[in-house]
Amino acid sequence: MQLTIRATGENVKSISHLLSKNPNNLYERNQKGHLVRFFYSKFTEDELEATIFVTPDPIGLIQNKTNSYDITHYINDREFAASSIFLSLIRSALGTALNGQPKEEQMEWVEHPFAFTLELGPVNSTLSDRQLRELFEPLGYGVEITQPELHYSFRLKESSQVRMISLAGIQTLQNSLRHLFVLIPVIDDYKHYFIDEKEIEKLERYGEGWLEKHPLREVIYRRALRFKEVYSLVENTTAEAPKAEPVKKSRLNELRYEKIAETAETLHPKTVVDFGSGEGKLAVKLGFVSGVREVLAVEPSEVEIIKAKKRFEKAKGQEAFVEPETLWGSLFYYDERLKDKDLMILCEVIEHIDEMRLPKVFDTLLHLYSPKSLIVTTPNREYNEIYDMAEHFRHDDHRFEWTRAEFRSWCAERNTKGIYELEFTGIGEEHQEQGAPTQMCLFRRKVNAG
């Protein structure tokens, strides 16, 4: 993954001062195990060409202190594409230019426009060429989109929608880099990590002076923060130009956990099983449910189990907390220890399983394990339209996403013996037409069921 900066015209040598990179030296740094290099291939009185690129360590992308890893995290094109990961790795190297803070004697060039051509890629995005142009052209760029040469694509999946993007325009160096640091995450379909206040602050800082005027401003906000669920964007309707303002709001993950914990409180379970428990955030909440005596956190990834144990250790000792027990396990293997529990939970799990394998999974859950109650949550596909992802899944690893009608029908079909009552609800901000972003079904065993 790389970014090449070309500039022509007078005074282009001053760009090296804005970048704080000596043209006579190769810049080479190790960033979290990945090698970041910056070098000049041209440096004359009227022509400059510099490239920054990353040689990634794909294992290091998901490796933790235990040197263990879950193989499913790195069998993808992610680490070889110009993405939000790429930006996080090169941000330090380009910090002087991004922040417009060269040495005092070079400050005059911060606001100086140059004739730039920026080439970046490969990018792997489901956005069409037209949509990519609509992101950059309003900022004054001429946009050229091409397929990468073999030396880029030989390590990428054949199905990847991989392209190189070339942008030509008269810009200050700071503005051109800030455009990229805002719009590359918008292009990046995979951005799926926790978005906190720092991410919001960076978006506002890098977007200052241009983002509020962009015709696709709202699309940019939604896609850049699409999985945040920490903030919503509202219009400032003052007499001044409208501006999207972030307003603090509960994250969708937290809303799911809170809803599940609240539902568990009403069910009064003594024993709870959290399937696909991950790093244990939900399991901790379940440990505080009144009356609970046992919480089993079942997870197939050893990396996540280690994280969960550390989380449980931190919560241990708090009043009325039942420390969860971690179990290595899978929905595809029957475990006698899980039979006849009061409550089982699958929070955002089923969409990661091939649809044709799910009936067998639920037959095991409902009729072999036979819990008194089962809670299942999954994305509501209809709500993807709100995220500007109507034709795409929310995560690369999702095998399917269902509408509300499909989810209701599928759950009803699983209740083959009619021994469970089904209750459906939504989680998250409800849209009048598209419903809530997450849908939940509660299977509750009937009182007289065998």
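The values are calculated or read from the model by the stated rules, or taken from the named source; none is laboratory data. Fair warning: this is a prediction, and the values are worked out from it, not measured in the lab. Please note: Cβ atoms are built from the backbone with ideal geometry, for glycine as well, and neighbour counts cover all protein chains shown. Each accessible area value is taken on the protein alone, full model and side chains, heavy atoms only, with ligands, DNA and RNA left out. Shrake-Rupley method; radii C 1.70, N 1.55, O 1.52, S 1.80 Å.
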TODO: Count, please, the residues in region 292-335 that happen to be closer than 23 Å to H352 by Cα, in contact with a Phe, Trp or Tyr (Cβ under 6 Å, 6 or more places away or on another chain) and in a helix (DSSP H, G or I).
DONE: 0
TODO: Note down all Cβ pairs under 6 Å where the first residue falls in region 365-383 and is under 17 Å from L252 (Cα atoms) and among the β-branched types (V, I, T), the second is open to solvent by 10 Å² or more (accessible area, probe 1.4 Å) and not in a strand (DSSP E or B), and they're at least six residues apart or on different chains.
DONE: T377/R256; T377/E348
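Could you pull out the residue among F400, F407, F393 that is of a type in the set (F, W, Y), modelled with pLDDT of 90 or more and assigned to a loop (DSSP other than H, G, I, E, B)? Full working, then the answer.
Working: F407 fails: assigned to a loop (DSSP other than H, G, I, E, B); F393 fails: modelled with pLDDT of 90 or more.
Exactly one residue qualifies, and that residue is F400.
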Open item on the list: Looking for something open to solvent by less than 10 Å² (accessible area, probe 1.4 Å), small (G, A, S) and modelled with pLDDT of 95 or more - is there at least one such residue anywhere in region 363-377?
Closed with: yes
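Can you work out which of the residues in region 95-118 that are open to solvent by 50 Å² or more (accessible area, probe 1.4 Å) and closer than 25 Å to I187 by Cβ is farthest from the chain's Cα centre (by Cα)?
Of the residues in region 95-118, the ones open to solvent by 50 Å² or more (accessible area, probe 1.4 Å) are 99, 101, 103-105, 107-108, 111-113.
Restricting the remaining residues to those that are closer than 25 Å to I187 by Cβ gives 99, 113.
Details: N99: 25, P113: 34 Å.
It comes out as P113.
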Open item on the list: Being at pLDDT 95 or above, touching a His at 6+ places or on another chain (Cβ under 8 Å), within 19 Å of R6 (Cα to Cα) and surrounded by 15 or more Cβ atoms within 10 Å (Cβ to Cβ) is the requirement here; does L173 meet it?
Closed with: no
TODO: Would you mind finding the one in E299, E294 that is surrounded by fewer than 20 Cβ atoms within 10 Å (Cβ to Cβ) and not hydrophobic (A, V, I, L, M, F, W, C)?
DONE: E294
Task: V12, sole failed condition from (1) modelled with pLDDT under 95; (2) open to solvent by less than 40 Å² (accessible area, probe 1.4 Å); (3) part of a loop (DSSP other than H, G, I, E, B) - done: (1)
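Out of region 122-157, which residues are of a type in the set (S, T, Y) and at pLDDT 90 or above? Walk me through how you get there before you give the answer.
Within region 122-157, the subset of a type in the set (S, T, Y) is 125-126, 128, 141, 146, 152-153.
Of everything in region 122-157, those that are of a type in the set (S, T, Y) and at pLDDT 90 or above turn out to be Y141, T146.
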TODO: Determine if region 349-371 includes at least one residue that is closer than 16 Å to A436 by Cβ and either part of a strand (DSSP E or B) or more than 21 Å from the chain's Cα centre (by Cα) (or both).
DONE: no
Open item on the list: If I ask for residues that are over 14 Å from C347 (Cβ atoms) and assigned to a strand (DSSP E or B), which ones from region 426-442 would you list?
Closed with: G426, H431, G435
Open item on the list: So in region 266-291, with the set limited to residues that are part of a loop (DSSP other than H, G, I, E, B) and over 24 Å from I353 (Cα atoms), which one is most open to solvent (accessible area, probe 1.4 Å)?
Closed with: H268
Task: Single match in Q31, Q106 (criterion: at pLDDT 85 or above and of a type in the set (S, T, N, Q)) - done: Q106
Open item on the list: Just the residues that are open to solvent by 80 Å² or more (accessible area, probe 1.4 Å) and either closer than 20 Å to V361 by Cβ or in contact with a Pro (Cβ under 7 Å, 6 or more places away or on another chain) (or both), please, taken from region 399-428.
Closed with: R399, R408, E413, T416, K417
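Only one of these is among the charged types (D, E, K, R) and assigned to a strand (DSSP E or B): E119, E137. Name it.
Matching residue, one of E119, E137: E119.
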Open item on the list: I want to confirm something. Restricting to region 194-242 and keeping residues that are acidic (D, E) and at pLDDT below 75, which single residue is nearest to N99 (Cα to Cα)?
Closed with: E199
